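Engineer: Quick one: the structure is below, questions incoming.
The values are calculated or read from the model by the stated rules, or taken from the named source; none is laboratory data. All values reported here derive from a predicted model rather than from experimental measurement. Cβ placement follows ideal geometry from the backbone for every residue including glycine, while neighbour counts extend to all protein chains displayed. The accessibility values were calculated without ligands, DNA or RNA, using every heavy atom of the protein model including side chains. Shrake-Rupley method; radii C 1.70, N 1.55, O 1.52, S 1.80 Å.
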Amino acid sequence: SSGFPTSSIFGSSQFLLKLLNEEKPDYIMAACDSPEKTFRHEMYEAYKANRPPMPKDLVSQIEPINQIIEALGIKLLSIEGVEADDVIGTLAKQASEKGIDTVISTGDKDMTQLVDKHIKVVNTMKNELLDERGVKNKFGVEPKLIIDYLALIGDTSDNVPGVEKVGPKTAVKWLSEFGNLENIIKRADEISGKVGENLRSGLDQLELSKKLVTIKKDVSLKVDIKDLIVGKKNDELLQQIYTELEFKAWL
């Protein structure tokens, strides 16, 4: 009633509560980007350069969202020099190697490169769960080829250059025919037409694009999986936040 925007806070609370109730995790972690530039900006100055600034209405909702995350017993991690994706990738790999089944909640297709027999990606907003078969059905390639696929098509949201005029269909066709990006590069002369010319003229940037879309899985962290046990909810703080924001349903 005061005019303070709450839609993002409400939506975040809604999907977090849904995740906790449906998945009933033993361990949970939320990652957010740090404000500093990352190693990807050092590699490529124009990385994410075309993104508009965050709307003011959303900026003001970040702190309450973070407060709710922690009040729900969820550890919030942000590591300087890397993105949230890299923190998630590192911990997901650690969990997978220990045989711990892991669910990554995100709408970011880049994260599907992490999918394996122990790791799934769920888009809570769309109620879409992607396991190894789901990734293949959705993108036309297996999770292990998602990095190559993204390097070929590029990513406009992150301003990652791809091969000019190469979209998902062409990328899937080439990866099916040649096996991986390395072989596509080696046999680039075999690809005819204008799209083949575009590939050959863009070979130098393909290596860069692949590095930019590859999620780091070896970030140095001060926490281990065992440190991410779901904590006790701070009901007093949640009640205070929900009262201030007039979230009567959550109260």
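Engineer: Residue pairs, Cβ under 9 Å, 6 or more apart or interchain, first in the range 239-251 and of a type in the set (Gly, Ala, Ser), second open to solvent by less than 30 Å² (accessible area, probe 1.4 Å) and not in a loop (DSSP other than H, G, I, E, B). List them.
Structural biologist: Pairs that qualify, where the first residue is of a type in the set (Gly, Ala, Ser) and the partner is open to solvent by less than 30 Å² (accessible area, probe 1.4 Å) and not in a loop (DSSP other than H, G, I, E, B), are 249/242.
Engineer: Residue 44 passes all but one of (1) over 24 Å from residue 19 (Cα atoms); (2) out of contact with any strand residue (DSSP E or B) (no Cβ under 9 Å at 6 or more places or on another chain); which number fails?
Structural biologist: (2)
Engineer: Continuing with the same structure: Can you tell me how many residues in the range 25-49 are more than 19 Å from the chain's Cα centre (by Cα) and open to solvent by 90 Å² or more (accessible area, probe 1.4 Å)?
Structural biologist: Residues that pass the stated criteria total 3.
Engineer: Restricting attention to the range 183-214, and to residues there that are in contact with a helix residue (DSSP H, G or I) (Cβ under 8 Å, 6 or more places away or on another chain) and assigned to a loop (DSSP other than H, G, I, E, B), which single residue is least open to solvent (accessible area, probe 1.4 Å)?
Structural biologist: Among them, the one singled out is 191.
Engineer: Here is a further query. Of everything in the range 74-107, what is of a type in the set (Asp, Glu), open to solvent by 50 Å² or more (accessible area, probe 1.4 Å) and part of a loop (DSSP other than H, G, I, E, B)? Give them in sequence order.
Structural biologist: So in the range 74-107, the residues of a type in the set (Asp, Glu) come out as 80, 83, 85-86, 97, 101.
From the residues that got through so far, the ones that are open to solvent by 50 Å² or more (accessible area, probe 1.4 Å) too are 80, 97, 101.
Answer for the range 74-107, where residues must be of a type in the set (Asp, Glu), open to solvent by 50 Å² or more (accessible area, probe 1.4 Å) and part of a loop (DSSP other than H, G, I, E, B): 80, 101.
Engineer: As an exercise: evaluate residue 22 against (1) of a type in the set (Asp, Glu); (2) open to solvent by 70 Å² or more (accessible area, probe 1.4 Å); (3) modelled with pLDDT of 90 or more and give the number of the one condition it does not meet.
Structural biologist: Just one mismatch for residue 22, condition (3).
Engineer: When you scan the range 50-57, do you find a residue that is over 30 Å from residue 238 (Cα atoms), touching a residue at least 12 places away in the same chain (Cβ under 8 Å) and open to solvent by 30 Å² or more (accessible area, probe 1.4 Å), even just one? Talk me through it step by step, then tell me what you get.
Structural biologist: Here is the first cut: in the range 50-57, the residues over 30 Å from residue 238 (Cα atoms) are 50-52.
Cutting the leftovers down to touching a residue at least 12 places away in the same chain (Cβ under 8 Å) gives us 50-51.
Within this subset, residues satisfying the condition of being open to solvent by 30 Å² or more (accessible area, probe 1.4 Å) are 50-51.
Yes, some residue in the range 50-57 is over 30 Å from residue 238 (Cα atoms), touching a residue at least 12 places away in the same chain (Cβ under 8 Å) and open to solvent by 30 Å² or more (accessible area, probe 1.4 Å).
Engineer: Only one of (1) touching a residue at least 12 places away in the same chain (Cβ under 8 Å); (2) in a helix (DSSP H, G or I); (3) among the charged types (D, E, K, R) fails for residue 217. Which number is that?
Structural biologist: (2)
Engineer: Being farther than 21 Å from residue 22 by Cα, surrounded by fewer than 16 Cβ atoms within 10 Å (Cβ to Cβ) and touching a residue at least 60 places away in the same chain (Cβ under 8 Å): is that true of residue 144 here?
Structural biologist: So residue 144 fails the test.
Engineer: Could you check the range 158-175 and list, in sequence order, the residues that are touching a Gly at 6+ places or on another chain (Cβ under 6 Å) and within 16 Å of residue 192 (Cα to Cα)?
Structural biologist: Matches in the range 158-175: 163 only.
Engineer: Scanning for something of a type outside the set (Ser, Thr, Tyr) and closer than 27 Å to residue 84 by Cβ, does the range 185-205 turn up at least one residue?
Structural biologist: Here is the first cut: in the range 185-205, the residues of a type outside the set (Ser, Thr, Tyr) are 185-191, 193-200, 202-205.
Imposing the further condition that a residue be closer than 27 Å to residue 84 by Cβ reduces the set to 205.
The answer is yes, given that some residue of the range 185-205 is of a type outside the set (Ser, Thr, Tyr) and closer than 27 Å to residue 84 by Cβ.
Engineer: Now for a different question. Residue 229 versus (1) over 26 Å from residue 76 (Cα atoms); (2) aliphatic (A, V, I, L, M); (3) surrounded by fewer than 17 Cβ atoms within 10 Å (Cβ to Cβ); (4) more than 21 Å from the chain's Cα centre (by Cα): which is the lone unmet condition?
Structural biologist: So the condition that residue 229 fails would be (1).
Engineer: With (1) out of contact with any helix residue (DSSP H, G or I) (no Cβ under 8 Å at 6 or more places or on another chain); (2) under 30 Å from residue 39 (Cα atoms); (3) not charged (D, E, K, R) as the list, and residue 242 as the residue in question, which single condition is left unmet?
Structural biologist: (2)
Engineer: If you don't mind, there's one more thing I want to ask. In the range 162-173, what count of residues is obtained for those that are in contact with an Asp or Glu (Cβ under 9 Å, 6 or more places away or on another chain) and open to solvent by less than 10 Å² (accessible area, probe 1.4 Å)?
Structural biologist: Looking only at that region, the number is 1.
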